[in-house]
1. Kyte-Doolittle mean at least 1.6 and Cα extent at least 30 Å along the axis: which DSSP H helices of the chain qualify?
2. Can you give me the distance in nm between label points at Ala62 and Ile37, each placed 7 Å from the Cα along the Cα-to-Cβ direction?
3. Between Trp19 and Val76, what is the spin-label point distance in nm, taking each point 7 Å from the Cα along the Cα→C-beta axis?
4. To make sure I understand, if each residue's beta carbon is the centre and we count other beta carbons within 10 Å, what order do Phe142, Phe92 fall in, fewest to most?
5. Taking the Cβ of each residue in Leu244, Leu53, Leu157, Leu93 as the centre, tally the other Cβ atoms inside 10 Å and list the residues starting with the fewest.
6. With viscosity set to 1.567 mPa s at 4 °C, what whole-number translational diffusion coefficient in µm²/s follows for segment 64-170 from Stokes-Einstein and a Kirkwood radius over Cα pairs?
7. How would you rank Thr16, Thr189, Thr178, going from fewest to most other Cβ atoms within 10 Å of each one's own Cβ?
8. In whole Å, what is the distance between the alpha-carbon centres of segment 36-101 and segment 175-209?
Amino acid sequence: MSSESDGLYSTLERLTRKWCFYLLASLVIMVPPYSSIPYEMPDGWNEVIMDVLGQGLSGYAAFQPFIHVAVILLIVSVVVFGNRVGRLFALFLCAHYVLINLAQSVRLEGKYGLEILSGNLIWFLAIAVLWAWEAAVRKTDFAFRRQPLWKYWVVPLAILAFWAPSQPWNFRPIYLLTSDAGLAFCLMTPVYLAVLSFTYPYFNLPLVRIMSFIGVIIALCNFAFALSAGGSYALYHVVTHVPLFAISLYCFALALKVDGRKVTHLQDERNVTSKPDGA
């Protein structure tokens, strides 16, 4: 890794240890949504948000099996082959979060014309950029090793998120390939963070901190929405977002407890021995 990249990593590592960084990051949720047709405040703000989120992901149903299979193959590959597919894993996640952003942050023909959830767009794009950066700097060591049994608590929650059927409580096996999870931030993020949790402490600290922090904030927003909406769907909505909250909070705590200076030195040493030439 070049000295410039090393310097950027160190700067971001120090920055993402400061509480003020997360205070500023959380304010992104206050950025008003954009629409090509002006809306009146404050009702219009909520209407644009509900209009974009209300479009759902049913329009992408034909693509979901391909996305699900690709994610499964990617995770199996990185677990089996480790750092040999580390860059592929990072590039895939970069592209995946771009697609998630387009699917969940933008509506082309809504009530107010072109509608964009600005806060989501900023957050999801930041995660995509961080994964592109990870593909370049390779700070995550995917040489998985035996883990204490208790660390596997994330696996059933990740499966729940990946499975989450659009029809409440209808956990048919086919939904492991056809659910809306493939393009849902709230459902894919706990899956990827669960994988990263097994690379602790040798992962990209700024990336994991930012990604998991955004996961916690969005999970809390979803809990608040479900509780305010009420009805029979509310409980199911809460249950399917528990993986996002629990795994994101867990990974955020893991990433914050790491001494970035010590682990960076160890990462650089391991990079020399664990990554194949030219990787």
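1. 205-229
2. Reported label-point gap for Ala62 and Ile37 is 2.7 nm.
3. 4.6
4. The order, fewest Cβ neighbours first, is Phe92, Phe142.
5. Lowest count first: Leu53, Leu157, Leu93, Leu244.
6. Values: Rh = 16.1 Å.
Diffusion coefficient, whole number: 80 µm²/s.
7. Lowest count first: Thr178, Thr16, Thr189.
8. 11
Laboratory data are not the source of any read-out in this text; all were calculated from the coordinates shown. Note that the structure is a prediction, hence the values are computed from the model and not measured. Note that we place each Cβ from the backbone using ideal geometry, even for glycine, and neighbour counts take in every protein chain shown.
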